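Since every read-out is calculated from the coordinates, none of them should be taken as a lab result. Keep in mind the model is a prediction, meaning the values are calculated, not measured. FYI the Cβ positions are ideal-geometry reconstructions off the backbone, even for glycines, and counts take in every protein chain you see.
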Amino acid sequence: MSTLEVQDLVKRYDGRSVVDHVSFRIEDGEFFVLLGPSGSGKTTVLRIICGLERPDQGRVLLGGEDITHLSPRQRNVGMVFQDYGLYPSMDVYGNIAYGLENRRLPKDEIQRRVLEAAEKLQITPLLRRSIDTLSGGEQQRVALARILARDANVFLYDEPLANLDARLRHQARRDVLAVHRLRGVPSLYVTHDQSEALALADRLAIMAEGRLQQVGSPNELLERPANLFVARFLGNPPMNLLEGQIVHEEGGYACALGKLRLPLDAAWQQVLNARQEPAIIVGLRPREIVPPWELEQTGTPDQLCRCSARALLVEALIGEIEVTLELETAQEPAPRLVAVWPEPEELRDLPEEGSRLQIGIDTRHLTLFDPHSERALQVE
Ligand code: ADP
């Protein structure tokens with residue numbers, strides 16, 4: 001069984017913690033993504049795991065064994081870097097075989113592994129070509145074939161697709177997942193690109209300023225962001241965040257946005273009873289705002305709160321429209337929302353810029369954040 005675990009990692013440069021008490025565990029066969037803005041400490045975590053950096057504190061465990069103080073060579077990790085780390089003057093065969101020769105495997109075993117890995121990544125015809133004659137996409141496959149040929153206990157990827165154009169990137173993602181499934185060991189993939197992270201990850205961890213913000217499946221993080229950083233960072237477009245006030249009225253709690261009242265489900269009662277502070281931030285996902293042409297449909301839930309809005313901007317996406325709305329709440333300035341709706345079947349339903357609309361907010365799907373701690377309020 002191969003699992004990768006980091007426990008309480010700390011790394012400081014010039015007295016500043018660039019990795020700040022980071023812990024996570026990757027299960028056997030799991031594809032785990034570390035996602036965060038540039039400079040958040042992702043690569044440093046990766047370099048600690050492969051042994052290129054020593055942590056100031058904390059441990060790295062591979063298959064339960066403490067490898068924190070082993071050299072990179074002793075760790076048996078397979079790594080793909082952004083620049084692939086290939087030897088440009090060697091041919092493809094030599095590059096795939098290189099790590100195996102270093103480990104003094106018999107020649108026929110090396111040949112078997114190189115041919116098998118090349119076959120899996122469909123680069124057999126390239127084996128005698130030198131690296132500097134290959135395209136970016138082909139080089140990327142050679143780097144993947146190289147880690148596939150080794151029986152590494154863990155695969156680490158540091159933004160390996162950053163240099164590819166959009167079309168190749170799509171294919172390369174599939175190659176990365178295919179390699180991962182063939183070996184079934186833990187994979188850790190570092191990126192600042194959320195679409196890549198969401199497409200690849202079984203689970204992902206969001207990192208900011210050296211700290212893990214939240215760990216979970218793509219859906220968990222999109223639907224239940226733990227704090228405002230995650231809510232702003234994830235989702236395309238990200239969650240709408242509006243400043244409101246908690247009010248207690250007949251029938252229970254509601255969230256007030258100016259004159260608009262969003263009644264809150266009874267499930268919130270306990271957590272809101274315990275709060276002194278009325279100020280709140282309400283999170284609304286763009287795809288959960290109900291378009292005008294669906295308001296009258298049968299099966300519309302009771303929890304749907306209708307409100308007036310003005311369409312400021314209507315942008316066509318593929319099969320969807322993105323509408324920037326100004327809510328009519330009598331607040332100054334009027335709060336803005338972005339909604340993403342399936343393209344309406346009837347052309348006459350297409351909102352016009354500047355027009356007034358009735359939209360629906362399903363109050364079961366609200367997320368509430370404390371404006372001071374910036375953390376999401378958890379329903380019991
Ligand atoms: P990311 O991979 O998320 O872009 P990094 O782990 O590369 O972030 O870097 C995190 C922070 O640590 C950055 O502010 C970077 O400048 C700093 N850093 C990384 N390596 C060194 C180093 N060898 N010396 C000093 N600062 C470093």
Under the 7 Å Cα-to-Cβ spin-label approximation, L313 and K259 lie apart by a distance in nanometres of 2.8 nm
Excluding residues fewer than 8 positions from K107 in its own chain, the lysines with Cα under 25 Å of it are K120
The alpha-carbon center of the stretch 203-219 and that of the stretch 108-179 are separated, in whole Å, by 28 Å
The chain: spread of alpha-carbon positions along the three principal axes, whole Å, largest first, is 79, 50, 37
Per residue, the convex hull enclosing the alpha carbons of the stretch 298-380 has a volume in Å³ of 154 Å³
Projected onto their principal axes, the Cα atoms of the stretch 151-227 stretch, largest extent first, over whole-Å spans of 35, 30, 23
Unit-weight point scatterers at every alpha-carbon of the stretch 82-231, Debye formula, q = 0.10, 0.11, 0.12 1/Å: log10 I(q)/I(0) is -0.40, -0.48, -0.56
E346 and D165 label points (each 7 Å along its Cα→Cβ direction) are spaced in nm at 4.4 nm
Going residue by residue through the stretch 370-378, the Karplus relation 6.51 cos²θ - 1.76 cosθ + 1.60 with θ = phi - 60° gives ³J(HN,Hα) values, rounded to whole Hz and with x marking Gly or Pro, of 7, x, 8, 6, 6, 8, 6, 7, 9
Ranked output for segments 271-281, 169-179 by mean other Cβ atoms within 10 Å, highest leading, reads 169-179, 271-281
Along principal axes, largest first, the alpha-carbon spread of the stretch 1-58 in whole Å comes out as 38, 23, 18
Computed from the beta carbon distance with a Förster radius of 35 Å, FRET efficiency for R364 and E320 to the nearest 0.05 stands at 0.95
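Rounded to the nearest 0.05, what FRET efficiency do S130 and R306 have when you use their Cβ-Cβ distance and R0 = 51 Å?
With R0 = 51 Å, the Cβ-Cβ based efficiency is 0.15.
I'd like the GluC sites (Glu not before Pro) in the stretch 192-288 restricted to DSSP loop residues with at most 11 other Cβ atoms within 10 Å, sorted by number. Kindly include the intermediate steps, with their values, before the conclusion.
Numbers: sites: E196, E209, E220, E223, E243, E249, E250, E288; in loops: E209, E250.
For GluC sites (Glu not before Pro) across the stretch 192-288 that sit outside H, G, I, E and B with at most 11 neighbouring Cβ atoms in 10 Å, the list reads E250.
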Here the averaged projected area of the stretch 12-115, based on the convex hull of its alpha-carbon atoms and given in nm², is 8.8 nm²
Here the FRET efficiency for S89 versus E374, based on Cβ atoms and R0 = 41 Å and rounded to 0.05, is 0.20
